[in-house]
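Trainee: Questions regarding the structure given below will be posed in turn.
The values are calculated or read from the model by the stated rules, or taken from the named source; none is laboratory data. Small disclaimer: the values here were computed from a predicted structure and weren't measured. As a convention, Cβ positions derive from the backbone with ideal geometry for all residues, glycine included, and neighbour counts pool all protein chains shown. Each accessible area value is taken on the protein alone, full model and side chains, heavy atoms only, with ligands, DNA and RNA left out. Shrake-Rupley method; radii C 1.70, N 1.55, O 1.52, S 1.80 Å.
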Amino acid sequence: MNLPASPLRLRLDKSALVANWRWLKQQSGSAACGAAIKADGYGTDAAGALQYLADAGCRDFFVATWAEALALLPLAKGLSLSVLHGLREEDMPVARQAGIKPVLNTVQQIQRWKDAGGGPCDVMVDTGINRLGLSMDEALGQVLDGLQIRTLMSHLACADTDHPLNMLQLDRFSRLRPTISAERYSLANSAGICLGRDYAFDLTRPGLALYGGVPRDEARGHIRQVAFPEAEILQRKTVRAGEGIGYNATLMAPRDMELAILNIGYADGYLRNFSNKGAALATDGTVLPVAGRVSMDLLIIDVSMQPELKEGDWVTIDYVLEQASALSGLSQYELLTGLGERFERYWQ
Ligand SMILES: *Cc1c(COP(=O)(O)O)cnc(C)c1O
């Protein structure tokens, strides 16, 4: 049986994705610009993001896990896909598939790769985030000898703020460069690209900003929204002044009001932080405030200003990431990656 059309959609703007990548590439100067497409392209659609970015000229892609990589095979010719979370024993059979390569993070992983015959790989060095990666001492020792390193990389801890660690990590990474032989060197994520050309080296690895996140002031005005949640109106009704609206009656209708009940809730990633704060937008841009608490599967909005909106119509949820983040207290990353399975995703 064919499924009925979903009452919840995520519209994804192809041209915005590509425009964001082009801006990040331009900011990367002479460095190549890759794309982090882990967590299903930050909640968008990794396969679609990969295809549209590859069409635009992007060649280097990054996912977190081998399962994420396998879901993207077969890769078009000339593309590179790196798996950031390293190489466990159980990953070995899939790690040899064409086009995908491990990012080796530990001495044990390096040994495992060498024992299996080696081949092209990436290596992560920890220059100060204290997350995945070889220590500086390990990297400057002998363990990397004999590896075929495509990209030597490190990851910035504080690039979205002006923190002394940025310069310190840049210095440490610059120290590694002449002593470790690799085809390319890579340090910057989205925010790192905004720190300037010194941080770009040979390859940048933006994620967030591709999908509409503004990592630093420098990017504001250049990054376009990519993901637009759209929900169908399931019911429209009138409430009388003084009635409670939604769970726990956190809003008492200050006047007679017209409400629309939408097919979206916190189980879809639209969290309760937006209760009485968020908004939907009518097609003409009219702001339709969230009324009361966000429920698990439903959202109530005030449509008093829109007499013509009716059951079966669609509204767009206001989801400009920087503003939505300030409003909700959730990070732009959480706002994107939390968007759930029930959205029907479509590129336009
Ligand atoms: C996620 C990730 C990126 C992308 O970071 P953004 O802040 O989303 O631009 C780059 N490099 C590594 C190693 C990552 O884990």
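Trainee: So, in segment 48-77, exactly how many residues are touching a Lys or Arg at 6+ places or on another chain (Cβ under 6 Å) and either more than 16 Å from the ligand (Cβ to nearest atom) or open to solvent by 60 Å² or more (accessible area, probe 1.4 Å) (or both)?
Mentor: Summing the residues that are touching a Lys or Arg at 6+ places or on another chain (Cβ under 6 Å) and either more than 16 Å from the ligand (Cβ to nearest atom) or open to solvent by 60 Å² or more (accessible area, probe 1.4 Å) (or both) in segment 48-77 gives 1.
Trainee: Same structure, new question: Please state which one of Cys58, Cys121 is among the hydrophobic types (A, V, I, L, M, F, W, C), modelled with pLDDT of 95 or more and in a strand (DSSP E or B).
Mentor: Details: Cys58 fails: in a strand (DSSP E or B).
After ruling out the rest, the residue left standing is Cys121.
Trainee: Another one. Looking only at segment 200-227, how many residues end up being under 26 Å from Pro120 (Cα atoms), touching a Phe, Trp or Tyr at 6+ places or on another chain (Cβ under 9 Å) and either assigned to a loop (DSSP other than H, G, I, E, B) or of a type in the set (Ser, Thr, Tyr) (or both)?
Mentor: The total comes to 5.
Trainee: Right, here's the next one. Can you find a residue in segment 249-258 that is crowded, with 21+ Cβ neighbours inside 10 Å and over 27 Å from the mean Cα position of the chain (by Cα)? Give the derivation first.
Mentor: Residues of segment 249-258 that are crowded, with 21+ Cβ neighbours inside 10 Å, as a first pass: 251.
Next, only the ones that are over 27 Å from the mean Cα position of the chain (by Cα) stay: 251.
Yes, segment 249-258 contains at least one residue that is crowded, with 21+ Cβ neighbours inside 10 Å and over 27 Å from the mean Cα position of the chain (by Cα).
Trainee: Another question about this same structure. Answer with yes or no whether Asp198 is in contact (Cβ under 8 Å) with a residue 24 or more places away in the chain and more than 12 Å from the ligand (Cβ to nearest atom).
Mentor: It is true that Asp198 is in contact (Cβ under 8 Å) with a residue 24 or more places away in the chain and more than 12 Å from the ligand (Cβ to nearest atom).
Trainee: Within the set of pairs 6 or more residues apart or between chains, which connect a residue that is acidic (Asp, Glu) inside segment 148-163 to a residue that is within 12 Å of the ligand (Cβ to nearest atom) and open to solvent by less than 10 Å² (accessible area, probe 1.4 Å) with Cβ atoms less than 8 Å apart?
Mentor: Asp160/Ala191
Trainee: Out of everything in segment 203-238 that is open to solvent by 20 Å² or more (accessible area, probe 1.4 Å) and polar (S, T, N, Q), what residue ends up being nearest to the ligand (Cβ to nearest atom)?
Mentor: Among those that are open to solvent by 20 Å² or more (accessible area, probe 1.4 Å) and polar (S, T, N, Q), it is Gln225.
Trainee: If I filter segment 162-178 for residues that are part of a helix (DSSP H, G or I), open to solvent by less than 20 Å² (accessible area, probe 1.4 Å) and within 16 Å of Leu104 (Cβ to Cβ), do I get at least one hit?
Mentor: The answer is yes; a qualifying residue exists.
Trainee: Here is a follow-up. Checking Gly141 against (1) in contact (Cβ under 8 Å) with a residue 12 or more places away in the chain; (2) open to solvent by less than 70 Å² (accessible area, probe 1.4 Å), only one condition comes out false. Which one?
Mentor: For Gly141, the exception is condition (1).
Trainee: Mind counting the residues in segment 299-317 that are touching a residue at least 60 places away in the same chain (Cβ under 8 Å) and open to solvent by 70 Å² or more (accessible area, probe 1.4 Å)?
Mentor: Of segment 299-317, the ones touching a residue at least 60 places away in the same chain (Cβ under 8 Å) are 299, 303, 309-317.
If we keep only those that are open to solvent by 70 Å² or more (accessible area, probe 1.4 Å) too, we end up with 310-311.
Counting residues in segment 299-317 that are touching a residue at least 60 places away in the same chain (Cβ under 8 Å) and open to solvent by 70 Å² or more (accessible area, probe 1.4 Å) gives 2.
Trainee: Consider Glu344 carefully, then state whether it is open to solvent by 20 Å² or more (accessible area, probe 1.4 Å) and under 16 Å from the mean Cα position of the chain (by Cα).
Mentor: The answer is no for Glu344.
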